[in-house]
Every structure is written in structure tokens, then in C-alpha cells.
Amino acid sequence: MTLETGEGAVAGTRKGRESQMAEKRHQTKATRREFLEGAGATAALMLAGQRRAALAQGRPQPGAADWPRFGCDLHNTRFNARETTLGRENVGRLKLKWTFDAQGRIQTCPTVVGDRLFFGSRDGYLYSLDSATGKLKWKFQVDFQTTLRFNHWGIRSSCQYVDGRIYFGDNFTTVHCLDAASGKEIWQTQLSKFRDTNMLCSVNVHNGKVLTGYSSDIGNSEIACLDAETGAVAWRFRVVPGTELGGGSVWTSPAIDEENDIVYNVTGSVKSYLSPGHMLYSESILAHDVDSGELLWYDQPNPHDAFDLDFSCHPMIFDAQAPGGYRGKVMRQCVGAGNKAGFFCWNRFTGELYWKTMLTNQSGSGGPLLNSTAVAYNQIFVVSNALTPRGSMSVTAALNAYTGDIVWWLPNTAVIRGPVAIANGVFYQGLVDGALQALDSEDGRTLWEYQLPTAHRGGIAIANGALYTSNGALLGTSEEEEKEHRYSVYAFTIDRA
């Protein structure tokens, strides 16, 4: 089937693109499994070399199981495959080790690289802490004006560590590159000067490119690629083409298929009525060529939607294995994402929809919200919320990655509006009532729980035998209410010392 064209032509048919990708994959001799096996054999030597280089240059000292970016890996799985210290057999022994207070709500996911932790806050600072003690190393303040409306304060984009540098965006669509050792700014690039724009999208940095996007209430939103060395814009893609009106916000982080040079983004709803041609890429998943920005394919599950069914959960790249006895192709190469109508799974080279699963009713305030999904062990872990006549409700479920069938599910005591995580057989989630939970990934039983003083909104990072997270207020909290709260980063380890 040939896709329609908009601003940026869709290249060829889905079948043709799949053939091209198959040929490109064939040229890659080593499979991912072979690569990981080879990498594992030399991991200790490489880590030792990295540590020596890091100490010599004053960079963060890398750990064996770091969490270097929002989605942990380029694929946005939010799964730390290297974590082996903290698991289901000992997670119940987690104790609070340290806290660090910020002056504004924290809606970012901690970035952990060995002996350093980085996070941004709505107070306008990007912080660098000692990951073992919580001691402040440095902090960098972004430019902002208090005359602008409250929602545009500070930092809501999670940062990424790459080769001694920290990359992140602020709420004025400025992308920053800092020296990770000192906090000194190397470059900054502002993507939009319109006052209604902001950046919740967390960057994805790979092979000298910074992939990101920004959001707009009444103007236009864009997907962008910047040069990691200089900050120069390599290409842009307007979500709502041909008009200055729009929306189509890019709320969350892109995912990168590094083997095939494809970047995936998801978008939100339009903010005013537009012609169907202008609305072509709102509430959609889009696949672009990383180097050129060419649109390869897109899918819009709810064309011309008026019910605000945004994709507010990050796209995730994964391979799905068929259940035992399944007839047909046993492996699917997938990309999936959650919106307010459910979780969707596509062929990542053609855009063919494999399956969709709804856990709660669709609504503008329901479904999977704000990155509450992860993938590991051939399962998609999804939190879905709903508004009912009796109030709000929430469920957490594990879905078969190949079929979308429910493996297990459980009700939550409150809704969840923040990034989850998984590592070494344990799934982690935080609720708006402040409960922080660790669940067994096989059956969902609760292994550990801790009560935060206010709602959980920032992401969870599992790194080097520790759990790092934060607390922050709900959406709609006023400026005066925010000043009354305490917002902290928390570190939990098996033993306090």
C-alpha cells in the first residue's frame, strides 16, 4: 500500500521499504545476540579502560550497569539489561540511603553514570550529584523569565550522558550541551522563539546527532536533528505542515534503531480545527531516516480526532518472539507506543499494525500516560488509567510482546503519571499518592513498597545496584502551592552504608 504524501514525501511502498531494510540488515554480519555475547566476553577489560580514561579526564567514572539516558538505551526500553545486583531476591531489603532537595518539582528521570547522577528541575537548574552520597558537584541554570507563565519554568527534559558531555532541553526549546565534569556550557541552540512552545521531549544522542522535538499549545511543533559537536540544526520536520497554527506536540523521547538509521517519534493532538491534510501527522507515530530526515512511514490510528488521544508514551523498539506452537513467522521486529486509547505495536520497517490492546476506556485523561511503559523478557509492561463515574482508576499489566495478550494484570491504589522501569526481574512504578513499588515481573506480586511525601512524577532509574527516583507535584499545582512542597531526589540501596 502506498502511503499519502505530505510535507516530506513518504518513500516508496511499505513492501519496498521492508525489502530495503531486509537487505541492509543482511549486510550486518553479526546479530544482536552475537554482538552482546562478544561484548560480554570483553566487558571487564573495556570497563577498566573506560574508568582509567574517565579519571584522567575528570569525567564521571562509568559503572557496570549505568542508566545514561531517559529510556536507558537507544531503543527506549526503560530496561537495564546490565543490572545484576538488585533483583527479586533482595529488592525487599531496599533502604533509603540519601536524599537531595531541589527548589522546584522534579519531572525528569535521573541519569546515572557510575559515580555521578544528573537531573533537571522546574527551578531551572540541571544538577550533578555524587551518586553514592547525594553531594552536589555542580549545578547549571538555564535562562528563563519569571514574567512568562508558570508552566514554562525550568527543565522537564531528561538529560543524556555521552562521551563526557551532557545533553538536554529546557522549557524554552533550547538544547544545551555541557561538560559533564564541570557543568560548563559547550553550546546551546534554541529551536523556537515562540512564547507558547516548550520542551518535554528528552533527547536521544547517537553517532554525532542529537534527536529531539518540542511542543506548542497553539503554534507549531517540530521534530529536529542537531549536530552533537556544534549544535547546528541538521534537519527539521513540522508536525502540522503548511500553517502556523497546529499543536501536534512531541511530548516524549524518540527511539533510535541504530542498525538501520531510523528514528521514531510519536505526536499529540492538534489544538484547533484544521483541514485533514494539515492534521496528517498529529496523534501519529513517524519513522524518519536519521541522516536526511526523510519520512519513511507514519501511522495515524485516530485521524481527525477531536478527543485529545495523544501519544504521551515514548516509542520503544523491540523484537517479539512468538508463543510456543504459533504458526507463521516466529520473530517480529517491532516498534510500539502507548496513547490514551491503548498500546499499539507495529512492524518497525513498514508501519503495519500488528496489534492494539486496551486495558481501560479511552479518554483525554486515560490510557497509558507520561511514559508509563517498558519492555523486557518478551513482554510489554503498561500502566493504564481511566476516569469513571466512581472516580479514577488504574491498572498495571504485562502483555505478550508478540500478540498483545494479557499475561497478568493488577489494580493500583492510585493512577500513575510517570516513567516506570524494569531490571533483573523486577518492575518499578510510582503512584500519584506517593507510593513507590517494586513488583515481580513474572506475576506482578509486590516485593517492596516505600511512601514518598508527595506524588511521584519523575522517572525511575535502576543503576549499579541502586534505585534512584524523585517526587513532584501533580499537574495543575499553582506557583504558591509548589513553594510549600519539598521536592527531592531519592537513592535506595540494599544496605545504607
**OP:** Determine which single condition residue 330 fails, assuming it passes every other condition in (1) surrounded by fewer than 24 Cβ atoms within 10 Å (Cβ to Cβ); (2) of a type in the set (A, V, I, L, M); (3) over 30 Å from residue 295 (Cα atoms).
**Re:** (3)
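A quick yes/no check of all residues on (1) within 20 Å of residue 71 (Cβ to Cβ); (2) in a loop (DSSP other than H, G, I, E, B); (3) in contact with a helix residue (DSSP H, G or I) (Cβ under 9 Å, 6 or more places away or on another chain):
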position	(1), (2), (3)
329	no, yes, no
354	no, no, no
365	no, yes, no
370	yes, yes, no
375	yes, no, no
380	yes, no, no
396	yes, no, no
**OP:** Report yes if residue 205 is over 23 Å from residue 294 (Cα atoms) and modelled with pLDDT of 95 or more, otherwise no.
**Re:** no
Original post:
Hey, among the residues in the stretch 363-404 that are among the polar types (S, T, N, Q) and surrounded by fewer than 18 Cβ atoms within 10 Å (Cβ to Cβ), which one's modelled with the lowest pLDDT?
Top reply: 388
Subject >> Only listed residue being over 18 Å from the mean Cα position of the chain (by Cα) and surrounded by 21 or more Cβ atoms within 10 Å (Cβ to Cβ), chosen from 359, 353 >> reply: 359
**OP:** Would you be able to say whether some residue in the stretch 115-123 is buried (at least 19 other Cβ atoms within 10 Å of the Cβ), farther than 28 Å from residue 449 by Cα and at pLDDT below 95?
**Re:** yes
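The values are calculated or read from the model by the stated rules, or taken from the named source; none is laboratory data. Computed from a predicted structure; not experimentally measured. Here Cβ is always computed from backbone atoms with ideal geometry, including for glycine, and neighbour counts include all displayed protein chains.
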